[in-house]
Amino acid sequence: MSKPTFVYVTYIRSSAEKVWDALTLPEFTAKTWFGARHETEWKAGAAWRLILADGRLADSGEIVEIDRPRRLVLKWRNEWKPEIKEEGWSRCTIEIASEADGAVKLTVTHEANGPKLIEAVSGGWPRILSNVKSLLETGELVLKEKVS
Amino acid sequence: MSKPSFVYVTYIASTPEKVFKALTDTEATAKFWFGNAVTSDWKVGSPVAFHREGKLILSGKVIENDAPRRLSYTFTPHHGPHDGSDTSRVVMDLEQQKNQVKLTVTHDDFAPGSTVFASISNGWPLVLSNLKSYLETGTTPLYAPWYEENAGQKTEKVVS
């Protein structure tokens, strides 16, 4: 049986490099990811942690593959909710492809071992990626603060 | 086995009224829905039709209209590999959240053996990415790859 998977595709009028930076650099994630930041050396095999705005550890894992600005694969485990952490490792693949007419196709695929992480990321990714699209296209965020 | 269901959520800096109008307006849909202009009086039971360059692309019937919170219609594609014999269901839920609208599109109720699921899984992210750009920036950034004659079409500024 295939693993529970969340897939989200969005199209952004921007370049692949800018979309990559908006997803990875702290000055962008501070805005688009509701204050969270990555802690990693951005090379294959390096440890990866996602730190929330208040300093809590949200997720941890490892950079599995990195090919800026096209592909990033993360080994990913939730750290702040025990019932989700219990499900163990997931795999998150971010793919950025240039489309015709100055747009890029951004695909986030999150494969998990259980339903709880999928439920959590199904709430999170649309918010974050809506923000990335708005920030790059308009200079503004759609969601300045996280609303449930 | 559970029935396939496609769900897509996007957040738009707009109001439910504006998002609902864009989804139901002939001129607006022509702009962000890749030239597919919708016509309907949007009463429950009334027909819905999307035409592109005079050709019928999609047809359906209004199932529910609770403007500006919820719109549902049946969905029968007539273009590409689809011959108008395969009907499924679209539900659009709009929720105001502070300065933004959470738009959830749920597409389900596919006929057994339907080939529409694969088409709409590619289509909705394009249409809804364009809708978000249309409402936030006044431009539609994308072309639809399945209308090849339109590939490379330049973005048009919307005059509003």
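Of note:
- Share antiparallel - DSSP beta bridges, the protein assembly as shown, percent rounded to 5: 100 percent
- Estimated Rh, the stretch A:22-148: Kirkwood, alpha-carbon pairs, angstrom: 15.1 Å
- Alpha-carbon centroid distance for the pair the stretch A:66-113 / the stretch A:1-41, whole angstrom: 8 Å
- Subtracting the Cα-Cα distance of residue A:79 and residue A:41 from 0.36 nm times their residue separation leaves 11.7 nm of extension gain.
- Only Cα sites of the protein assembly as shown enter the Debye sum here, all with the same form factor; the resulting log10 I(q)/I(0) across q = 0.07, 0.10, 0.11, 0.16 1/Å is -0.28, -0.58, -0.70, -1.40, listed in q order.
- Taking every residue in B:119-127 and counting other chain Cβ atoms within 10 Å of its Cβ, the average works out to 2.
- Nearest 10 degrees, 0 to 90: helix A:115-138 Cα axis against chain A principal axis: 20 degrees
Every read-out reported here was derived from the displayed coordinates using simple, explicitly stated rules and does not represent laboratory data. Note that the coordinates shown come from a computational prediction; the quantities given were computed from them, not determined experimentally. Positions of Cβ are generated from backbone atoms using ideal geometry, with glycine treated the same way; all protein chains shown enter the neighbour counts.
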